[in-house]
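What follows is a single structure, and I will ask about it in a moment.
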Amino acid sequence: MTGPAIAEAQADDHTPQAGTAALAQALAAIVGADHVIADADGRRAYAHDRLPFANFRERTGRLAGVLPRLVVRPGSAEEVAALVRHARAEKIQLIPYGNGSGVLGGAIPLAQEVMVDLRRLDRIVSVDPINAVATVEAGMNGAAFEAALNAEGFTCGHLPQSIEISTVGGWAACRGGGQASSRYGKIEDIVVGLKAVLPDGRKLEIAPLPRRSVGPSLRDLLVGSEGTLGIITELSLRIWKKPEVERGVVLAFPSLDAAWTAARRIMQAELRPTIARIYDGAESAERTEGLEVFRTKPILAVMVFSGAEPMVTTEQDMALAICTEEGGQVAPDGPFHHWKANRYVAFSQKWQAAGYFNDTIEVTGNWSALPGLYAAIAAAVREIYPQIHFGAHWSHIYPEGACQYMTIRLPPMDQVQALPLHARLWDTIEGLTLDHGGSIAHHHGVGVFRNPWLARELGAGLDVLQAIKDALDPDNLMNPGKLGLRPAPSAVDVRHD
């Protein structure tokens, strides 16, 4: 099969399973009747996340998957464990749900699963300034968590575009990345401990201790597992002092190669810009209209340096010296202020609401591969549809490489024409990424939409994941069919196209 796997079922194609009323009563005994949602309208709100394909389907009154059987809202880790034990005994499939901000269908029900909404688990358990660790329940809103830390003089360092509409547990479940990853790392670098409920209802606790050597990292087994191996209920994360100084710098580069080389040299010089963003020609032009310097140096880069003095000035001076050597020139700071004012705005929603077929795809590759990867993808998508909007930026940079974040946008057209094109674009971009030795995902995760390419990327590693899944969850009850793993027998047989 080529193209992403996803359902095209009518919203009312799947009526509740027999025994649902009895199940609702049993679950109400655990979480309270007010925290079980059984009506169709209430369940429909949980039938999708922010997967663009799901939004495309919803325009015609169709779901990407099916309605969940029920929704339950536990208020504690003990209630989560009780729900999982009951589900195990009764062979009920479950999907953990944070805030539905994922864009790859990881929370979409495909087999009338019961949704476990974790947003009542929304407390900060502790802030430990001595050990620089904050412990928080998994359902807490990301922006609320960061604001609470800021009030005490700290930051968690994980600042994704979705921070206002995502949960801390969701960050970990999809192995997410924030905009300040070049300084603080991705979520797997920030999580130092966690608590989770395993598929048999047992509680797993990984203490927030530094650099243990007691076998493979169980923490990393859960971080990125997308609810397939258990339900994360609590996380301990590194925190840092809120920066005393923050300086944004806008740079104009003569070419993408020059900007990439500067970014590589900065990271390999052990400098840590808080923000480092490089835009291709299309995305640069959108942000630099009227700025004279970009007529001859058309590539936009935005960098932010933060922390305490004299470190900030030292890092900034060293980084800008490298940029100058690669032809970079300091430019007016308007694009920085525009980015900062809109850093948490999801522009995809605007285009989708206007009838466009807008999607984003983030991949990652080594510095040596990025020029060829970008050129191949840019040429291929325009061959598929010459009038397509295609733009890219590189907003997560590391010593060994960077994330390439791409926007593809087809104009309003009939879905019979658009959806096959959308499938071809995904298949082409992910396939070319693998051809160039990259990874098909950097921080959005896998969900269900990236399932077709998992075997090619992971090879025998996917068999290892499936073996772990089978051992922990022999009845395949925890978010089945996601992360490239085996679907539930009762799952809809789906095709994108």
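Rule-based calculations on the coordinates, nothing more; no lab input. Bear in mind that the values here come from a model prediction, so they are computed numbers and not experimental data. Here the Cβ is made from the backbone with ideal geometry for all residues, glycine too, and neighbour counts use every protein chain on show.
At 222 nm, what helix-only mean residue ellipticity would the chain give, in deg cm²/dmol to the nearest 500, using -39500 (n - 2.57) for each DSSP H run of four or more? Write down the numbers at each step before the final one.
Values: 18 runs with 170 residues, N = 497.
After summing the helix terms and dividing by the residues of the chain, the value is -10000 deg cm²/dmol.
For the chain, what is the percent of antiparallel DSSP beta bridges, rounded to the nearest 5?
Among the beta bridges of the chain, antiparallel pairing accounts for roughly 90 percent.
With angles folded into 0 to 90 degrees, how steeply does helix 415-435 sit against the dominant principal axis of the chain? Use alpha carbons for both and round to 10.
For helix 415-435, the angle is close to 70 degrees.
Evaluate E = 1/(1 + (r/R0)^6) for ILE124 and ASP220, where r is the Cβ-Cβ distance and R0 equals 22 Å; express this FRET efficiency to the nearest 0.05.
Between ILE124 and ASP220 the formula returns 0.40.
Next question, about the same structure. Once you charge only the Cβ atoms, +1 for Lys and Arg and -1 for Asp and Glu, what is the size of the charge dipole of the chain about its Cα centre, to the nearest 20 debye?
With only Lys, Arg, Asp and Glu charged at Cβ, the dipole is about 320 debye.
If you don't mind, another one. Given LYS297/LYS350; LYS242/LYS297; LYS186/LYS350; LYS195/LYS350, which pairs have Cα atoms separated by over 32 Å? Numbers along the way, then the final one.
Details: LYS297/LYS350 30 Å; LYS242/LYS297 34 Å; LYS186/LYS350 27 Å; LYS195/LYS350 37 Å.
Cα-Cα > 32 Å for LYS242/LYS297; LYS195/LYS350; rest within.
For helix 256-268, what angle does its Cα long axis make with the longest principal axis of the chain, in degrees from 0 to 90 and rounded to 10?
The angle comes out near 80 degrees.
Once you have the Cα-Cα distance between ARG295 and GLU205, take 0.36 nm times their residue separation minus that, and quote the gain in nm to one decimal.
Result for the pair: 26.8 nm of gain on full extension.
Tally the DSSP beta bridges in segment 124-241 and give the antiparallel ones as a percent, rounded to 5. Display every interim value, and only then the final one.
Working: 22 of 22 bridges.
In segment 124-241, DSSP labels about 100 percent of beta bridges as antiparallel.
Rounded to the nearest 10 degrees, what's the angle between the helix 460-472 long axis and the longest principal axis of the chain, both from Cα atoms, 0 to 90?
So the helix axis and the longest Cα principal axis differ by about 40 degrees.
I want to make sure I understand the PRE zone here: with the label point 7 angstrom from the Cα of GLU246 toward its beta carbon, which residues in segment 175-192 have backbone N atoms less than 15 Å away?
178-184
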